[in-house]
2 protein chains.
Amino acid sequence: MTDKSINLTEYLIEHGIRPSFQRIKILQYLIGNKDHPTVDDIYQAVAKEVSTLSKTTVYNTLTLFTQASIIKGLRASENEIRYDPDTADHGHFKCKKCSGIYDFAVNIDTLQSDALAGFQIHEKGIYFTGICPACMENKTNSKSEEETK
Amino acid sequence: MTDKSINLTEYLIEHGIRPSFQRIKILQYLIGNKDHPTVDDIYQAVAKEVSTLSKTTVYNTLTLFTQASIIKGLRASENEIRYDPDTADHGHFKCKKCSGIYDFAVNIDTLQSDALAGFQIHEKGIYFTGICPACMENKTNSKSEEETK
DNA sequence: ATACAATTTTGTAATGATTACAAATATATT
DNA sequence: AATATATTTGTAATCATTACAAAATTGTAT
């Protein structure tokens with residue numbers, strides 16, 4: 001789901017999800033914010049438009065979307081799950097300093113290990129951690145103060 | 001840390017960790033149980049030998065070991081962190097049915113993607129999910145009942 | 001349109017893993 | 001032995017996530 005021109009309502013229907021107002025708004029936010037938002041990020045942002053929004057609805061919706069495979073939950077971060085509307089295989093790099101999460105292209109098929117013969121694989125997650133280029137330079141990092149945890 | 005003949009006390013000292021009784025027992029358990037135990041698994045088991053053991057000590061110790069890179073924390077499971085004394089690069093497969101976690105050999109170096117030029121990589125995590133061979137056969141699976149969540 | 005059924009949303013209360021913190025205990029050093 | 005330092009312990013707090021039931025919305029059939 002990358003093409004903005006696709007109608008969100010139809011997109012949901014195509015994936016067997018009834019297109020409620022809340023669901024469309026949450027999906028819209030996810031597609032417009034591919035920076036791996038947390039549940040709270042999503043809730044805070046969408047609540048500005050949908051004032052009655054409940055966090056439970058956000059959880060329900062994200063679970064629903066995940067089951068329908070239109071988004072993926074990431075476990076790159078320690079505490080919380082983050083969500084990614086890009087369901088194509090790719091890796092995630094988490095910077096230990098600024099806590100930023102970067103996507104990176106990777107040819108996951110080359111990984112295909114003989115060791116998993118006989119296993120039915122559903123998802124492939126590639127999570128790297130380390131220091132991002134920006135933080136390598138800036139010893140004094142601004143992001144780290146606001147987000148260190 | 002695979003060779004059982006290595007003295008655990010010395011092993012800890014070599015890694016800059018003071019070898020307290022609790023730390024040795026926890027390390028001993030980890031090395032003897034490479035089935036990716038949870039914090040509670042470790043606590044329950046070691047508490048049988050060290051009756052005064054506190055769960056906080058287990059957390060402290062695991063954090064210490066992880067910082068010293070003698071174990072690795074896995075996020076293959078949804079809720080909780082699991083620990084692995086095998087710090088060599090390898091993948092983890094989580095079966096959605098029986099919740100079992102399998103190690104698998106994988107040549108992570110082949111992954112090296114150009115996209116990460118300039119990034120300083122510390123850890124590489126490979127997490128697959130799906131159905132394990134045992135669960136593919138047994139439609140009625142026993143493990144799933146005890147561990148489904 | 002109207003009434004009924006099914007689905008979705010909401011709010012609150014529980015759960016459960018992890019962390020904070022300070023007192024108690026053990027260990028090392030002089 | 002005396003003192004300083006490091007470790008362990010227990011309890012209380014935190015925080016993301018889940019459970020659950022009531023309220024609101026939507027769909028369907030008459």
Quiz prompt | Set B:Ile42, B:Ile13: member being within 12 Å of DNA strand C (Cβ to nearest atom), assigned by TED's automatic domain parsing to the domain that holds B:Thr66, over 21 Å from B:Ile81 (Cβ atoms) and not aromatic (Phe, Trp, Tyr) | solution = B:Ile13
Quiz item: Looking at region A:50-72, which of the residues that are in contact with a Leu (Cβ under 9 Å, 6 or more places away or on another chain) and not in a loop (DSSP other than H, G, I, E, B) is nearest to DNA strand C (Cβ to nearest atom)?
Solution: A:Thr61
Practice problem: Please verify whether region A:116-135 includes one or more residues that are at pLDDT below 90, hydroxyl-bearing (Ser, Thr, Tyr) and open to solvent by 20 Å² or more (accessible area, probe 1.4 Å). | Solution: no
Quiz item: When only residues in region B:17-39 that are away from DNA strand C (no atom under 13 Å from the Cβ) and open to solvent by 60 Å² or more (accessible area, probe 1.4 Å) count, which is modelled with the highest pLDDT?
Solution: B:Gln28
Exercise. Being more than 7 Å from chain A (Cβ to nearest Cβ) and among the hydrophobic types (A, V, I, L, M, F, W, C) is the filter; apply it to region B:97-130 and report the residue that is farthest from A:Asp103 (Cα to Cα).
Key: B:Cys98
Quiz item: Name the pairs whose Cβ atoms lie under 7 Å apart, with the first residue in region A:11-23 and more than 14 Å from chain B (Cβ to nearest Cβ) and in a helix (DSSP H, G or I), the second more than 10 Å from DNA strand D (Cβ to nearest atom) and open to solvent by 50 Å² or more (accessible area, probe 1.4 Å), and 6 or more positions between them or separate chains?
Solution: A:Leu12/A:Arg23
Practice problem: Name the one entry in A:Ala134, A:Ala47 that is part of a helix (DSSP H, G or I), more than 9 Å from chain B (Cβ to nearest Cβ) and touching a Leu at 6+ places or on another chain (Cβ under 8 Å). | Solution: A:Ala47
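Residue-wise test of (1) out of contact with any helix residue (DSSP H, G or I) (no Cβ under 6 Å at 6 or more places or on another chain); (2) assigned by TED's automatic domain parsing to the domain that holds A:Tyr127; (3) not β-branched (Val, Ile, Thr).
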| site | (1), (2), (3) |
| --- | --- |
| A:Ile24 | no, no, no |
| A:Leu30 | yes, no, yes |
| A:Leu64 | yes, no, yes |
| A:Ile70 | yes, no, no |
Self-check item: Tally of residues being part of a loop (DSSP other than H, G, I, E, B), acidic (Asp, Glu) and within 14 Å of DNA strand C (Cβ to nearest atom) across region B:73-90
Solution: 2
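The values are calculated or read from the model by the stated rules, or taken from the named source; none is laboratory data. Bear in mind that the values here come from a model prediction, so they are computed numbers and not experimental data. When we count neighbours, we look across all protein chains shown, and the Cβ atoms used for this are built from the backbone with ideal geometry, even at glycine. Areas reflect the complete protein model, heavy atoms only, side chains present, ligands, DNA and RNA absent. Shrake-Rupley method; radii C 1.70, N 1.55, O 1.52, S 1.80 Å.
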